[in-house]
1. Run Asn105 past the list (1) surrounded by fewer than 20 Cβ atoms within 10 Å (Cβ to Cβ); (2) in contact (Cβ under 8 Å) with a residue 24 or more places away in the chain and report the number of the one that doesn't hold.
2. Is it the case that region 32-52 has a residue that's more than 14 Å from the ligand (Cβ to nearest atom), open to solvent by 40 Å² or more (accessible area, probe 1.4 Å) and part of a strand (DSSP E or B)?
3. Looking only at strands (runs of 3 or more DSSP E) that fall completely inside region 83-148, which ones have 3 or more residues that are over 15 Å from the mean Cα position of the chain (by Cα)?
4. Of all residues in region 114-131 being within 16 Å of the ligand (Cβ to nearest atom) and touching a Lys or Arg at 6+ places or on another chain (Cβ under 9 Å), which is farthest from Thr71 (Cα to Cα)?
5. Which residue, of Met221, Met214, is within 24 Å of Leu123 (Cβ to Cβ), touching a helix residue (DSSP H, G or I) at 6+ places or on another chain (Cβ under 9 Å), within 16 Å of the ligand (Cβ to nearest atom) and in the same structural domain as Phe122 (by TED's automatic domain parsing)?
6. Might you let me know whether region 151-159 holds any residue that is assigned to a loop (DSSP other than H, G, I, E, B) and either within 16 Å of the ligand (Cβ to nearest atom) or within 15 Å of the chain's Cα centre (by Cα) (or both)?
7. Does region 192-199 contain any residue that is surrounded by 13 or more Cβ atoms within 10 Å (Cβ to Cβ), in contact with a Pro (Cβ under 7 Å, 6 or more places away or on another chain) and not acidic (Asp, Glu)?
8. Among the listed residues Val215, Val169, Val198, identify the single one that is over 18 Å from Ser57 (Cβ atoms), of a type in the set (Val, Ile, Thr) and at pLDDT 95 or above.
Amino acid sequence: MIGYQSSLLSRTEVAEGTMAFQFEKPKDFAFNAGQYIELTLPGSQAAPSDGLTHTFSIANSPLDEELIVTTRMRKSVFKQAMSVLPIGTQARIEGPMGSFNLHNNTARPAVFLAGGIGIAPFLSMLSYATEEKLRHPIVLFYANRYLEDAAFMDALWNLERANPRFRFVPILTRTDKNYRGWKGKTGHISSEMLLTRVGILRGPIYYIAGPPTMVAATRRMLGEVGIDEDDIRTEEFAGY
Ligand SMILES: Cc1cc2nc3c(=O)[nH]c(=O)nc-3n(C[C@H](O)[C@H](O)[C@H](O)COP(=O)(O)OP(=O)(O)OC[C@H]3O[C@@H](n4cnc5c(N)ncnc54)[C@H](O)[C@@H]3O)c2cc1C
């Protein structure tokens with residue numbers, strides 16, 4: 001695996017307790033939308049055992065000049081170190097890795113099912129699909145507990161406006177309808193929800209990313225409505 005040095009350019013809050021980190025894109029670093037990297041913070045010898053290496057999906061388009069990763073900030077060793085990392089610090093990046101990428105056959109729609117910060121690889125794929133005017137019909141179901149937790153909402157609405165083949169369906173799982181004016185969907189992602197926005201459920205390729213429990217429950221639900229295992233792709237964000 002190729003390793004690179006990359007400096008931290010900026011850090012932005014993108015939802016409550018959720019940050020995006022922008023890193024310099026190393027020269028010659030190329031990736032496919034949906035892939036991930038291993039990020040090692042300085043102070044460790046690139047050894048995962050000391051807690052300073054973590055896996056992150058790249059959240060922006062391969063056409064962008066920099067690399068963005070995004071995460072829920074928690075009290076782990078890694079995230080405490082990350083939260084105080086001075087701008088300009090050199091970190092180590094390994095990758096890109098993974099095959100959680102949009103399929104080639106544009107006749108088959110894509111259904112993206114994101115739980116929380118599992119939005120990261122989808123944001124990359126949607127940005128790229130929109131910029132490149134890819135012809136896949138795409139529906140994104142994006143579940144968060146509360147509106148405050150939902151990162152990149154403006155960016156996703158903007159992508160929906162820019163891409164006539166993309167439909168965005170945000171969902172709040174712990175919020176009642178009309179709470180703070182919420183008019184969107186509530187509850188967990190269900191087959192009924194999919195039916196209203198996807199129509200015929202057999203046909204699309206399904207992509208699921210989020211915490212392991214969400215991925216397992218969503219995969220089970222798809223199995224119950226007869227979706228073929230071959231048409232389901234998953235990325236588990238271990239540690240949530
Ligand atoms: C392919 C992939 C892409 C990911 N992309 C993102 C992303 O874009 N944003 C994001 O926030 N997170 C992502 N993750 C998860 C991320 O790597 C961290 O595990 C997560 O952010 C939790 O880190 P933490 O420092 O809060 O907790 P930690 O202290 O690291 O871990 C919390 C708990 O999870 C366990 N754990 C941690 N890592 C793993 C692992 N790999 N396998 C099994 N158990 C583990 C620990 O043992 C501990 O019990 C991704 C994971 C994978 C595998």
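The values are calculated or read from the model by the stated rules, or taken from the named source; none is laboratory data. Just so it is clear, the model here is predicted, and its values are computed rather than measured. Please note: Cβ atoms are built from the backbone with ideal geometry, for glycine as well, and neighbour counts cover all protein chains shown. For the accessible areas, the whole protein counts, side chains as well, though only heavy atoms, and no ligand, DNA or RNA atoms are used. Shrake-Rupley method; radii C 1.70, N 1.55, O 1.52, S 1.80 Å.
1. Every listed condition holds for Asn105 apart from (2).
2. Within region 32-52 (the criterion being more than 14 Å from the ligand (Cβ to nearest atom), open to solvent by 40 Å² or more (accessible area, probe 1.4 Å) and part of a strand (DSSP E or B)), the answer is no, since none of the residues qualifies.
3. Details: elements: 90-97, 110-115, 138-144.
Per the criteria, 90-97.
4. For region 114-131, the residue satisfying everything is Gly116.
5. Values: Met221 fails: within 16 Å of the ligand (Cβ to nearest atom).
After applying the criteria, what remains is Met214.
6. In the first step, residues of region 151-159 are kept if they are assigned to a loop (DSSP other than H, G, I, E, B); the result is 151-152.
Okay, now just the ones that are also either within 16 Å of the ligand (Cβ to nearest atom) or within 15 Å of the chain's Cα centre (by Cα) (or both), so 151-152.
Yes, region 151-159 has at least one match.
7. So the first thing to find is which residues in region 192-199 are surrounded by 13 or more Cβ atoms within 10 Å (Cβ to Cβ), and the list is 193-194, 197-198.
Imposing the further condition that a residue be in contact with a Pro (Cβ under 7 Å, 6 or more places away or on another chain) reduces the set to 198.
Right, trim to not acidic (Asp, Glu) and you get 198.
Looking through region 192-199, at least one residue is surrounded by 13 or more Cβ atoms within 10 Å (Cβ to Cβ), in contact with a Pro (Cβ under 7 Å, 6 or more places away or on another chain) and not acidic (Asp, Glu).
8. Details: Val215 fails: over 18 Å from Ser57 (Cβ atoms); Val198 fails: at pLDDT 95 or above.
Result of the check over Val215, Val169, Val198: Val169.
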